[in-house]
1. Go through segment 117-170 residue by residue and tally those that are among the hydrophobic types (A, V, I, L, M, F, W, C), away from ligand 2 (no atom under 16 Å from the Cβ) and under 20 Å from ASN99 (Cα atoms).
2. Of all the residues that make up segment 151-180, how many are open to solvent by 70 Å² or more (accessible area, probe 1.4 Å) and farther than 26 Å from ALA60 by Cβ?
3. Of the residues that make up segment 156-168, is at least one free of Cβ contacts under 8 Å to residues at least 60 places away in the same chain and more than 16 Å from ligand 1 (Cβ to nearest atom)?
4. Could you tell me whether any residue of segment 89-106 is closer than 30 Å to ASN204 by Cα, among the charged types (D, E, K, R) and under 20 Å from the mean Cα position of the chain (by Cα)?
5. Within segment 84-108, how many residues are free of Cβ contacts under 8 Å to residues at least 40 places away in the same chain and among the hydrophobic types (A, V, I, L, M, F, W, C)?
6. VAL57 - would you say it is away from ligand 1 (no atom under 16 Å from the Cβ), out of contact with any Pro (no Cβ under 6 Å at 6 or more places or on another chain), at pLDDT 95 or above and of a type in the set (Val, Ile, Thr)?
7. Could you check, for segment 7-27, whether at least one of its residues is within 16 Å of ligand 1 (Cβ to nearest atom), outside any loop (DSSP other than H, G, I, E, B), within 30 Å of GLY151 (Cα to Cα) and not charged (D, E, K, R)?
8. Give the number of residues within segment 151-193 that are in a strand (DSSP E or B), within 16 Å of ligand 4 (Cβ to nearest atom) and among the small types (Gly, Ala, Ser).
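The values are calculated or read from the model by the stated rules, or taken from the named source; none is laboratory data. Just so it is clear, the structure is predicted and the values come from calculations on it, not from any experiment. Glycine also receives a Cβ, built like all others from the backbone with ideal geometry; neighbour counts cover every protein chain displayed. Ligands, DNA and RNA are excluded from the accessible area calculation, which covers all protein heavy atoms including side chains. Shrake-Rupley method; radii C 1.70, N 1.55, O 1.52, S 1.80 Å.
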Amino acid sequence: PFFSLLVRESPDGTKHAELVLEKALDREKQRNHHLILTAVDGGDPVRSGTAQIKINVTDANDNPPVFTKEIYTVRLMENLPEGSLAFQVKATDSDEGTNAEITYSFSDIAKNILKLFTLDPRTGDVRVTGPLDYEERKYYEVSVESKDGGGLTAHAKVHIDIIDVNDHAPTLSLLPILNPIPEDSVPSTVVAVINVRDRDSGENGEVSCKMNENLPFRLEMSS
Ligand SMILES: [Ca+2]
Ligand SMILES: [Ca+2]
Ligand SMILES: [Ca+2]
Ligand SMILES: [Ca+2]
């Protein structure tokens, strides 16, 4: 269906045939075509000659890269060591040669995020290059671009959730209200306020307090 034969006749009676392209070729569907041209005379018996025509289709860069996902969702522990592989993005390109050679880059990314992650332009590997701190930031969104050798591009997003690790111990600060304490103080008098904080979240940040037993004091929770 891709080719037709146009037979032209010269004034001197010689004929020549032209092979004409009828519709658009697509190397990604069919990279070569094999035709057999037959010439038949008008004699009796009929005699014929044949020629084989092999047509190779060269590639045009008519396909942009395609990411394996439109949105990558990634969860990273906040204590992931620097240099660790965090995740990988991948795009494919159905052309061939340089038309299918993909390079990756971050697009439209803030400088402070760029310090935390590096993207290998060849492999799409993303490594951690700075400290991730859940207490500092719980979520990042970055855009990645893939570009083929002919300049066609595609974009995808990466949603990065940072997972809390119990990397903070509770801290205590004591604010004495009465010290020394008059011996005639009535029971239930507040003698000191103790602030307890833990920068982690969830169970990692839940603290309970206890004190030596057999003392004439008790701890009371106040928010
Ligand atoms: Ca391409
Ligand atoms: Ca192509
Ligand atoms: Ca903690
Ligand atoms: Ca933490």
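1. Qualifying residue count for the region: 2.
2. Looking only at that region, the number is 12.
3. Yes, because at least one residue in segment 156-168 is free of Cβ contacts under 8 Å to residues at least 60 places away in the same chain and more than 16 Å from ligand 1 (Cβ to nearest atom).
4. Taking every residue of segment 89-106 in turn, none turns out to be closer than 30 Å to ASN204 by Cα, among the charged types (D, E, K, R) and under 20 Å from the mean Cα position of the chain (by Cα).
5. Adding up the residues that qualify gives 1.
6. Judged against the criteria, VAL57 is not a match.
7. Checking segment 7-27: not a single residue is within 16 Å of ligand 1 (Cβ to nearest atom), outside any loop (DSSP other than H, G, I, E, B), within 30 Å of GLY151 (Cα to Cα) and not charged (D, E, K, R).
8. 0
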